[in-house]
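The block underneath contains the structure these notes are about, expressed in structure tokens.
What follows is calculated from the coordinates using simple rules that are stated; it is not laboratory data. Owing to the predicted nature of the structure, the values given are computational and were not obtained by experimental measurement. Here the Cβ positions follow ideal geometry from the backbone for every residue, glycine too, while neighbour counts run over all protein chains shown.
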Amino acid sequence: MPKNAKKPQIRFKGFTDAWEQRKLGDVAIVNPKDEVPSIFEYVDLESVIGTKMVSHRTETKNTAPSRAQRVARLGDLFYQTVRPYQKNNYLFEKAGKNYVFSTGYAQLRPLIDGYFLLSIVQSARFVKIVLDNCTGTSYPAINANDLANIEISYSYNIDECRKIGKFFRNLDNLITLHQRKLDKLKNIKKSMLEKMFPKNGSNIPEIRFKGFTDAWEQRKLGEIANKVLDKNIGLQYVETLTNSAEYGIISQREFFDHNISKIESLEGYYIVQNNDFVYNPRISTTAPVGPINRNKLGRSGVMSPLYTVFRVENVDFTFLEYFFKTNCWHAFMNYNGDSGARSDRFSIKDNIFFEMPIVIPRIEEQIKIGKYMLKLDNLITLHQRERLGLA
């Protein structure tokens, strides 16, 4: 057995031969020289995301940039040589039109199964070796010769390579399917948040459940909620919570991987009970006036006085939670507050904050809306987990 022969830990039944390590340039023709056609579809570095081509444009020899040199043939693999950690590598499987790729890609014409080779160059191990051979720091890059000299392990058995390639192709197709379902559900949720809650001063939403026709009632936040002023005297609670725009109410230790607050300061923190709502004045792209989230941890904790904690009554918690995921209340905040001295924090006085207008339907409709939106979120979480489990 050759010195560089290896065997994978998991194999398809019937395959027992050792694999061999060879240079990438031994299993693929690197940057083959093909004449650029007079008219073609040009693919630049921004045109591939992940392993998918997302755009291209028609060019001619006279109009195309000088870097348009990689003439694609069916089965060619294009490896992004600039910022290779992005893994924007593409297996060309289109027929009909002439495609030409930027020299920002190394062109590999596989002598083994193409999808098998794609799976290898997408692996974390291969990317690490590539990065170790890159030059530059802000924009690490590798030249085609260095890429061709990187060693990979592969099977001499063509059938084994094909089986592995087919397996990863099917796996990628499943991941794509779950991603499409996930994107569709997120779009449905976005649309329902816009249409199931009245906006622009209206008291009737665009979409509602059958049997509900009454106008929604306008209330002030202060009429359904009270600010929590209970301090953590005597250190009743030592778990500090935080309010994340992305993750909601979460333990500070879990969010930051350690406690930010000091134990001696916790007596001045507010007690946050289960189902209490919290306004975080920190603004971001996803929360332009700061997020309001509900404590759904099933336990109490404490939060910094920088947050506004409030407890609601006579309203469905889930309904109100999703109301605050809409932008219905943003106009009030923008009109009555500002970003203050710090550009990353929103500033609004408590007495004005609790003047916030909220339109509310009958409790039966509140419950239906809350359950529907929660079901959508559960489906989104399910597809996210399934996609991550496959990736």
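Other residues whose C-beta falls under 14 angstrom from the C-beta of LYS163 contribute a net charge of +1, scoring Lys and Arg +1 and Asp and Glu -1. Calculate, for GLN218 and GLN384, the FRET efficiency according to 1/(1 + (r/R0)^6) with r their C-beta to C-beta distance and R0 51 Å; round to the nearest 0.05. Here the calculated transfer efficiency is 0.90.
Give the residues of the range 87-104 whose amide nitrogen is closer than 20 Å to a point set 7 Å from the Cα of ALA141 in the direction of its Cβ. Correct set: 87-90, 100-104.
Each DSSP beta bridge with both residues in the chain is either parallel or antiparallel, and the antiparallel ones are about 90%.
A Cβ-based charge dipole, computed about the Cα centre of the range 214-301 with Lys and Arg at +1 and Asp and Glu at -1, lands at about 80 debye. Beta-bridge orientation, the range 217-360: approximately 95 percent antiparallel, per DSSP, counting only bridges with both partners inside.
In terms of surrounding Cβ atoms within a 10 Å radius of their Cβ, THR58, THR326 rank from fewest to most as THR58, THR326. Averaging the sequence gap over all C-alpha pairs within less than 8 Å and six or more residues apart, then dividing by the number of residues, gives the range 1-69 a relative contact order of 23 percent. Exposure proxy for LEU91, LEU382: other Cβ atoms within 10 Å of each Cβ, ordered fewest to most, give LEU382, LEU91. About its Cα centre, the chain has a charge dipole of approximately 960 debye under the convention of +1 per Lys or Arg Cβ and -1 per Asp or Glu Cβ, with nothing else charged.
Rg/Rh for the range 217-360 stands at 0.95; both radii use Cα atoms, and Rh follows the Kirkwood definition. For the range 188-302, how big is the tail of P(r) above 23 Å, as a whole percent of Cα pairs? Roughly 45 percent, once rounded to a whole number. For the chain, the alpha-carbon radius of gyration amounts to 1.34 times the rule-of-thumb value 2.2 N^0.38 Å expected for a compact globular protein. Normalising the average separation of contacting C-alpha pairs (under 8 angstrom, six or more residues apart) by the number of residues puts the relative contact order of the chain at 14 percent. Between the range 151-170 and the range 300-379, the C-alpha centres lie 53 angstrom from each other. What residue among SER191, THR51, VAL30 has its Cα farthest toward the positive end of the dipole of the chain, where the charges are +1 on Lys, Arg and -1 on Asp, Glu, each on the Cβ? Farthest towards the positive pole: VAL30. Can you give the charge dipole size of the range 1-108 about its Cα centre, rounded to the nearest 20 debye, using +1 on the beta carbon of Lys and Arg and -1 on the beta carbon of Asp and Glu? In debye, rounded to 20, the range 1-108 gives about 460.
Shape of the range 72-186 from the C-alpha gyration tensor: rounded (a/c under 1.5, with a ≥ b ≥ c the square roots of its eigenvalues).
Rounded to the nearest angstrom and listed largest first, the equivalent-ellipsoid semi-axes of the range 265-338 from its Cα gyration tensor are 21, 17, 10.
Projecting the Cα atoms of TYR115, PRO205, GLY370 onto the dipole axis of the chain, where Lys and Arg carry +1 and Asp and Glu carry -1 at the beta carbon, places TYR115 farthest toward the positive end. Estimated purely from DSSP H runs of n ≥ 4, each contributing -39500 (n - 2.57), the mean residue ellipticity at 222 nm for the chain is -9000 deg cm²/dmol once divided by its residues.
The value given for the range 1-147 is a Kirkwood hydrodynamic radius of 16.4 Å, derived from the mean inverse Cα-Cα separation. Within straight-line reach of LYS186, meaning a Cα separation under 22 Å, sit the following lysines at least 8 residues removed in sequence or on another chain: LYS52, LYS195, LYS199, LYS296, LYS325, LYS368, LYS371, LYS375. Peptide packing: for 131-139, 288-296, the average count of neighbouring Cβ atoms within 10 Å per residue gives the ranking 288-296, 131-139, highest mean first.
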